[in-house]
1. If we scan region A:20-37, do we find a residue that is in contact with a helix residue (DSSP H, G or I) (Cβ under 7 Å, 6 or more places away or on another chain), of a type outside the set (D, E, K, R), under 30 Å from A:V167 (Cα atoms) and part of a helix (DSSP H, G or I)?
2. Against the conditions (1) more than 10 Å from chain A (Cβ to nearest Cβ); (2) buried (at least 22 other Cβ atoms within 10 Å of the Cβ); (3) farther than 19 Å from B:F15 by Cβ, where does B:A29 fall short? Just the number, please.
3. Give region B:174-224 a look and list any residue that's without any contact (Cβ under 8 Å) to a residue 12 or more places away in the chain and among the charged types (D, E, K, R), or say none.
4. Quick check on A:I107: is it within 22 Å of A:P164 (Cβ to Cβ), β-branched (V, I, T) and either more than 14 Å from chain B (Cβ to nearest Cβ) or crowded, with 22+ Cβ neighbours inside 10 Å (or both)?
5. Look through B:R159, B:R84, B:R76, B:R80 and report the one residue that is surrounded by fewer than 19 Cβ atoms within 10 Å (Cβ to Cβ) and modelled with pLDDT of 90 or more.
6. Listed residues B:E204, B:E237, B:E212; which is of a type in the set (D, E, K, R), out of contact with any Leu (no Cβ under 7 Å at 6 or more places or on another chain) and at pLDDT 95 or above?
7. Cβ contacts < 7 Å: first residue within 10 Å of another protein chain (Cβ to nearest Cβ), restricted to region B:262-290; second residue basic (K, R) and not in a helix (DSSP H, G or I), any location; separation 6+ or different chain. Result?
8. Run A:A2 past the list (1) at pLDDT below 95; (2) under 19 Å from B:F36 (Cβ atoms) and report the number of the one that doesn't hold.
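The values are calculated or read from the model by the stated rules, or taken from the named source; none is laboratory data. As the structure is a prediction and not an experimental result, all values here were calculated from the model. So basically every Cβ, Gly included, is an ideal-geometry build from the backbone, and we count neighbours across all protein chains shown.
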Amino acid sequence: MANPITERNILIRVLKNPNLMENLGVGEWNELLREAKISNLAGRLSADAEHIGIKEKLPLKVQNIFKSYDYSSRSSQRMIRWEMNRVKRALVGEDYKVILLKGAAYIAKELKCTRGRLSVDLDILVEKNKIDFAEDKFLRHGWEHHVENDYDQKFYREYSHELPPLVHPDRQISIDVHHSILPVTSRVYPDMTKLVDAAVPSVGGFYTFSNVDIVLHSVVHLWQDGEVRSSLRNLLEQHDMFEEFGKDQKFWDALVPRAVELGFTRALYYALRYCKMIMGTNIPARVMKNIDQYAPNGLIRILMDWMVPGVISPTLGSTGLSRWLSMNGLYIRSHWLRMPPFMLAKHLSTKMIMRIKGEA
Amino acid sequence: MKVLSKFHKNKLAAFDDEELDTKLSTSGAQLEIGPFTVNVKLEFKNIRDEFIKIYREYPFYNDPVIHDNYIHIYGRNFYRKYMRPQAFVDVGMNEEFIPLPASMGMVSLEMGLNWQVASACKQYLMFHAGVVAKDGVGLIMPAASGSGKSTLAAGLSYRGWQLHSDEFGLLDLESEELVPYPRAVSLKNESIPVMKNWVAQSHENHLDYFTEEFEGTPKGTICYMRPTTQSINAMHERTKPNIVILPIFDPASKPEIRPITKTMAFFRTVMSSANYGDIGADAFHAISNLIDNARVCEIVYPTLDDAVKLVEEFVGDGNG
């Protein structure tokens, strides 16, 4: 089921098989480094080379370049950990769960996908009835709102699933405080109490979702709520987690039923399909068979198979009209899934008018 | 030249202007500046001409090598290429620059190169400082923009010092040596006539060392100056840092050398370092060692001539 477009791509080939780095020519290195920088994956290549013990065999120029990315990923993760420490001081210790999401959760759990990863924001989640309380705590402890303009502030509060981003002026980490993992306007709206109840204790008094829920969150974020284009890094993190958590058969047993319970089956279908197609992920046949019943109709499947591999990396695939159609097709799709049509039209036109007036 | 890898064994080429122009407009010219190699592609003839004027003495690789970066300046479409030419900059890092008119393309190029180093260089400890070297003396002059450090570093380089950089001082964290990165010197506003006059005092055809003056850029009038041939040829010669001078330009002052504590010098050097926080503990140790082993002072000066005399005086005191 491998895809011919992604199969040719040097970055994807090396991510799948880091040993290839031992025998690359000059032109291949330049192409690989260019793509890796654009996809924010240069640090990952360095970590992979280190992990399989071939770093010293690489050209000295490459070792020198990798050294820079090693410092970047280490420092970004150090900053996230420090910010967690500050958040803990401001927020944790009350009688409610503060749940680390995305990169912060991966860092707290020291997952494989944090290897060489650049993390720039901190995402946390509290239950909706605690969101005002949490915001008040942050503001009292010196964090400030990053978004000043009234429309954006109002939009966040009424329709989004998170507070407007908070930033402490001494540190440049943006914190997103969520009460849900999807916008309240989204087509699929999960029962958040199910996710919060299943959350497990982690470092420093924080919680994380259960392993299955961590994966499903990443999956809905990319395939339901987010943009598919230029998201190779997110696809890779899903691939990593399927491989890492998947060593335990119980993970696979729980995955599809949990997706059914939360309403995430379509997103999970895409994640499993494209991880396998593009990254060659090991997924048990029974899981693939089980998720197949949630596939979209044939036409949509053909469209997605045509669009996704061509835009998953910013440098991939076709050029010209077909690329434009793929990129914009997936952009409109992501917004379509986020909010009802009338609201979408109103939102996009308001943003456009603000841009024309130079307010945004 | 230090051989970096099997890919770097190929000869550096001495291209003539015409060959360089062809390279720049096709596959790119592989320019080496100190520890970095960048592939430069320029679609506009006027930018190539300015580039060649400044960089013609630099080493260029003939056979393909692994690049640290690439920079590509182009017109986005027919209208932006020929009708109202505008220089778009691609630095391969997912960043978008506000395009400038193509007539200011050299400014876009230099800013793009600055941005690449400022944002992505963590393998060397970086100081926002003028750095020069002579006879085993490695001199760091950390300072904020507008303190005259660029002019001072450039001024010293046209009086026998080797220019490492007028604003990106680099330190190798393992050998603790200063790594030269002699880019074109960026002169702004009042410093332009000062430097033109300065170079004219010691060099014939002094205008050959400068680009045209670009007026109305986001930073006012900008002019680029070529480093001395000696500085370009010495771009792989590293020096241990042993003097730190904090320069203060004040037109109303009396020239003066002021003592400062090592603690103050330490903090000012840390503050000048753009990637200190990213490098972390290694950076702390490197700057601690650097300051432990360096003589430090502050100089206040009203003119470039005074500044150069004060620097020479302070450096000479240590040797005599």
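1. Yes, region A:20-37 has at least one match.
2. Of (1) more than 10 Å from chain A (Cβ to nearest Cβ); (2) buried (at least 22 other Cβ atoms within 10 Å of the Cβ); (3) farther than 19 Å from B:F15 by Cβ, only one is false for B:A29: (3).
3. B:E174, B:E190, B:E204, B:E215, listed by residue number.
4. So A:I107 does not fit the description; no.
5. Sole residue among the options that is surrounded by fewer than 19 Cβ atoms within 10 Å (Cβ to Cβ) and modelled with pLDDT of 90 or more: B:R159.
6. B:E237
7. B:N275/B:K122; B:D278/B:K122; B:I279/B:K122
8. Tallying (1) at pLDDT below 95; (2) under 19 Å from B:F36 (Cβ atoms), A:A2 fails exactly one: (2).
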